[in-house]
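**Student:** Below you'll find the structure I mean.
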Amino acid sequence: MAFMKTIILKSIDCMSSVVNNKTCKIKTPLLILLFPMILGACSPRSEFQISSPDGHITAILKFDQEQGTIHYMVQSMGQEIISSSPVGISTSRGDFTTGMKIEGYSGQTIDEIYQLPQGKASAYRNHANEQTITLSKAGEVLHLIFRVYNDGIAYRYFIPGEGEIEFSGEISSVNLSGDRFIYYGQNHPNRYGYESALGPIEGERMSNPVLAHLQDKNHFILMGQAATYGHYVQTHFQRKGASFSYSFPLDQEKVGPVRSLLPFQSPWRMAIISRGNPGRIVESYLVENLNPPTNSAFLNEDGTIKNWVRPGRVMWDFIARDGDRPRMWIDAVADMGWEYYMADAGFARRWGGEDSVAHIIDYANTKNAGVIGWAHTREFDTPEKAKATMALYAGWGLKGAKIDFFDNNTLSENPKEWRDYEDTQQSLQMRDWIFELGIEYSFLLELHGNTIPTGERRQFPNLMTLEGVDGMERRTKPAANDLTIPFVRNVMGPVSYTVVHFERCPGTHAYQLAMPIVYEAGLMIYAEHGQKLLEWQGRELIQGLPSAWDETRFLEGMPASHIVIARRSGTDWYIGGMTDEPRVVNLSLDFLEQGQNFRSLIFSDAAPDSMKREVQTFSSDSDITIELHERGGFALKLVLIEEGF
């Protein structure tokens, strides 16, 4: 796929700086963002209004000249959904929460197209209106960058200069408007790196992100953070009523202060907004849009992404066992026509040592199957150890690594006695050098026991999937967890749920068959034994089921209740549905191309461990009615009749 980029900028700027008590025009440091500025003299302003490109969402920023503070509010279709909320950050260079002055402002429109080899879409449009307000205090400068998209709002802090800077906290908040709310996500601290069950929550501390249903406003808002790297931390929310404040990790004090270098750009504080139902949140890729462009090391001369960054379907030996029979797994991958076999903890020892590993990789190559190997973060907790481990794995011929236990501080005496270590700056810095080494060694990455993803795969498309979810590794889990993932966890990035296991999953076989459609990840990992998958009735569908998509559409659903999602690959459509309670789903296929007919293969509930199989013909004028059992589901494929079936 070609990597294309177009930016259309419209700028109106007012910028000044106080130097030796004289006012002079300056160029803004936002040139680092590659956006040109047009400077000019403007009259002072204390209120700024920014609307989304389609005009449906409006953010209003107000500067209090007496207090030297700045707040924002958000309207959707003219209705207030976020009431006045403070912004500000406390640093060793200045406390940018009060006592500030406005030195200038600028506005521009961002409109670019980029492509990724994995995700909800193949082509991503980053389209927003942006306002930058330059503030000063005691000679130090802070730029507040605020964007409004068609599906939400986001803001970040930019501090110019040179040298070190230390952070003590933020007053950044989201004050929801309304009287009746339901919150979905995980209370904080969560367990084992975001592996607590998802669902309705009411705690005073909540992990990022949090989905809020503003019942009396008929809106859904997903509050979170985007573009999280080792120069800062992953925050969580401190909640008081309907007010959510971004807070540093509980374990950060044990690690030490949050420090960075200037110039500094914070992660984005964001809110994805959906009116009427949560569909726009499910479809959103705002977190990717807020991340830096794809690292140039991934790109060929023509701008396409290098071939080694290849998504795919994965067989995995951890839950199913039989990890001492790698050739059997490789044969199963080849029989299915899939791309990868993932060997879990201790694989080199089980296979007989390094020489045996090399022979097995040679065998996998004859079957066109890539092998991904497990590793512990204790082998990656310094740059030197990480480089040696990655070099060893690459020397064996592995295609990637599953790196586990980011929630353990392996540099401490008690690695497991931590509450949210995966969110700390120290853990994120380790993740950063793993990202960079992944480029050097052409390695695909799957991370476990990790912090929540926040769109990093745009910059590092070899980041194929991450855990941070209560997945199939746990034997018993509520269906509400599975049915909240598409609305919360999977919005933030690819999810390593490890789908399909006939004994561990709370749902029917049709419910499980829907999972690799409903959930999205560049590496779609299957938990069940490879031989069982080859013999399963659902093989007919999963054998050719993609792990990367051209388009994603939300059809219906509610968090913790049910979900129906349609995804397109080329001209083929796949629809998956899952539910907790029994229900009848009535689907309109009006999203299909007009005038075209499709042959469908439909699997739906017959019994907990068996499925009905039907073949029918549909068009965009058709409706489908499917009955779902308790904790049941369905999965179907639609293929253009002209292209065969």
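The values are calculated or read from the model by the stated rules, or taken from the named source; none is laboratory data. Nothing here was measured: the structure is a model prediction, and the numbers come from that model. Note: ideal-geometry Cβ built from the backbone for every residue, glycine included; neighbour counts use all protein chains shown. All accessible areas refer to the heavy atoms of the entire protein, side chains included, with ligands and DNA or RNA removed. Shrake-Rupley method; radii C 1.70, N 1.55, O 1.52, S 1.80 Å.
**Student:** I need the per residue convex hull volume for the stretch 134-174, using only the alpha carbons, in cubic angstrom as a whole number.
**Tutor:** Normalising the Cα hull of the stretch 134-174 by residue number yields 104 Å³.
**Student:** Find the relative contact order for the stretch 402-507 and round it to a whole percent, using C-alpha pairs within less than 8 Å whose residues are 6+ positions apart.
**Tutor:** Once normalised by length, the contact order is 24 percent.
**Student:** For the stretch 139-298, what is the relative contact order in percent, using Cα pairs closer than 8 Å and at least 6 residues apart in sequence?
**Tutor:** With pairs under 8 Å counted, the relative contact order is 29 percent.
**Student:** Now a separate question. Using per-residue counts of other Cβ atoms within 10 Å, averaged over each peptide, order 229-239, 350-360 from highest down.
**Tutor:** 229-239, 350-360
**Student:** What is the packing order of peptides 607-613, 167-173, taking the mean over residues of other C-beta atoms within 10 Å and listing the highest first?
**Tutor:** Ranking, from highest mean packing down: 167-173, 607-613.
**Student:** Around I542, what is the net charge, scoring Lys/Arg as +1 and Asp/Glu as -1 over all other residues with Cβ under 11 Å from its Cβ?
**Tutor:** Overall, the nearby charge balance is +1.
**Student:** Tell me the relative contact order for the stretch 347-455 as a rounded percent, counting alpha carbon contacts under 8 Å between residues six or more apart.
**Tutor:** Once divided by the residue count of the stretch 347-455, the mean separation gives 27 percent.
**Student:** Could you let me know the centre-to-centre spacing of the stretch 534-601 and the stretch 218-245, using Cα atoms, in angstrom?
**Tutor:** The distance from the Cα centre of the stretch 534-601 to that of the stretch 218-245 comes to 31 Å.
**Student:** Could you tell me whether the stretch 460-504 comes out rounded, prolate or oblate from its Cα gyration tensor? Rule is a ≥ b ≥ c as square roots of the eigenvalues, rounded for a/c under 1.5, then prolate if a/b exceeds b/c, otherwise oblate.
**Tutor:** Oblate.
**Student:** Same structure, new question: Give me the Å³ per residue figure for the convex hull around the C-alpha atoms of the stretch 384-447.
**Tutor:** In the stretch 384-447, the Cα convex hull volume per residue is 83 Å³.
**Student:** For a quick protection proxy, order the peptides 525-535, 149-159 by their average other-Cβ count within 10 Å, most packed first.
**Tutor:** Highest mean packing first, the order is 149-159, 525-535.
**Student:** Averaged across orientations, what area in nm² does the convex hull of the alpha carbons in the stretch 357-396 project?
**Tutor:** Directional mean of the projected Cα hull area for the stretch 357-396 stands at 2.8 nm².
**Student:** Take the alpha-carbon positions of the chain, form their convex hull, and give its projected area averaged over all directions (one quarter of the hull surface) in nm².
**Tutor:** Mean projected area of the Cα convex hull: 28.5 nm².
**Student:** Which ³J(HN,Hα) values in Hz, rounded to whole numbers, follow from the phi angles of the stretch 581-591 under the Karplus curve 6.51 cos²θ - 1.76 cosθ + 1.60, where θ = phi - 60° and Gly and Pro get x?
**Tutor:** Karplus-based 3J(HN,Hα) across the stretch 581-591 equals 8, x, 7, 10, 9, 10, 10, 8, 9, 6, 7 Hz.
**Student:** Okay, moving on. Return the aspartates and glutamates within reach of K62: Cα separation strictly under 12 angstrom, same-chain partners fewer than 8 residues apart disregarded; answer none if there are no such residues.
**Tutor:** The reachable aspartates and glutamates, counting only those whose Cα sits under 12 Å from K62, are E47.
**Student:** Next up: Just the number, please: carbon plus sulfur as a percent of the accessible area of the chain, 1.4 Å probe, no ligands or DNA/RNA counted.
**Tutor:** On the chain, the fraction of accessible area on carbon and sulfur atoms equals 46 percent.
**Student:** Let me have the 222 nm mean residue ellipticity of the chain computed from DSSP H runs of 4+ only, each contributing -39500 (n - 2.57), with the sum over all residues rounded to the nearest 500.
**Tutor:** Only helices count here, giving -4000 deg cm²/dmol.
**Student:** Per residue, how much accessible surface does the chain expose to a 1.4 Å probe? Answer in Å², no decimals.
**Tutor:** Counting only protein heavy atoms, the per-residue value for the chain is 37 Å².
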